[in-house]
Amino acid sequence: MPATGQSADVASAQEPAPPGAPETEHQIAGAEGAENAPAIRASRNAAPDLDWREGAIPVSTRFDDPYFSLADGLAETRHVFLAGNRLPERFRDGFAIAELGFGTGLNMLATLIDWRAAGRPGRLSYLSFEAFPLAAPDIARALSAFPEARAVADPFLTAWEAGQRRFELDGMEVEVRIGDARDLLPRWEGRADAWFLDGFSPAKNPELWSEALMAEVGRHTAPDGTFATYTAAGHVRRALTEAGFTVTRQPGHGRKRHMTTGVLGR
């Protein structure tokens, strides 16, 4: 499903937005929104409908949610997904990351930067599931908001523009599977050491946070594997607990009070 939706949810009890600021998941997520959100099952040829804020922030009009945090999405990626999974300290040869919601590839590029900096021998694998893939020019436009990520993005963008969904970046093997994660994840035969759960807001895209899909996340996690997500929604935490994780609510990034992490089998 689309990423990144790192905006946050009502469970984090956000501070009020400044007058005139556009509403995001910070203000409007909640049980009522989840009940009213349309069920969406994507086809492999589905394309996202975008609006742009401040010239470089893509917003899904389908889900009415931004692809990354309006307040430094790269910093939030590092706080939530990398630090939340205790990376890069856990990197090793054969380490496997899986992700729900590829979006602009920002999480992948942040991982690449840390993988390079760590200097570990061997290979890292990065598998992502994405229902509504962005076009390469839209990704490049979005990444322009993050010069550090954009500086390492050219090989990725070249491969993406050529239609490649499997490619290698400095020893990091990347695969993006296009389609609905509810269909694709049960058919995956691998297991991840770390999960980035980064679909749009649970209130806007509830299908990507269902009990059944969280159970599949647990089933496809290696022993002592971890997950991290920006959301602190109660039903998501309960679903991940039922999936076998010991779930912990952590401080969120910026104005986001809470996020969630977990370890399998502890």
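The values are calculated or read from the model by the stated rules, or taken from the named source; none is laboratory data. The shown structure was predicted, so the numbers you read here are calculated from the model rather than taken from an experiment. Quick note on the areas: whole protein, heavy atoms, side chains included, nothing else; ligands and nucleic acids left out. Shrake-Rupley method; radii C 1.70, N 1.55, O 1.52, S 1.80 Å.
With all protein chains present, how much of the accessible area of the stretch 88-150 (probe radius 1.4 Å) comes from carbon and sulfur, to the nearest whole percent? Write down the numbers at each step before the final one.
Working: 1060 of 2020 Å².
Accessible surface attributable to carbon and sulfur in the stretch 88-150 totals 52 percent.
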Problem set entry | Largest-first principal axis extents of the Cα set of the stretch 117-199 (Å) | 35, 33, 23
Seminar exercise, completed: With x for Gly and Pro, the residue-by-residue ³J(HN,Hα) of the stretch 156-172, computed from phi through the Karplus equation 6.51 cos²θ - 1.76 cosθ + 1.60 at θ = phi - 60° and given in whole Hz, is 4, 5, 4, 5, 5, 4, 7, x, 7, 10, 10, 7, 10, 10, 6, x, 9
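Considering only protein heavy atoms, what per residue accessible area in square angstrom results for the stretch 87-188 with a 1.4 angstrom probe?
In whole numbers, the stretch 87-188 has 38 Å² accessible per residue.
Just the number please: accessible area per residue for the stretch 211-262, 1.4 Å probe, all protein chains included, in Å².
Values: 2160 Å² over 52 residues.
Result: 42 Å² of accessible area for each residue.
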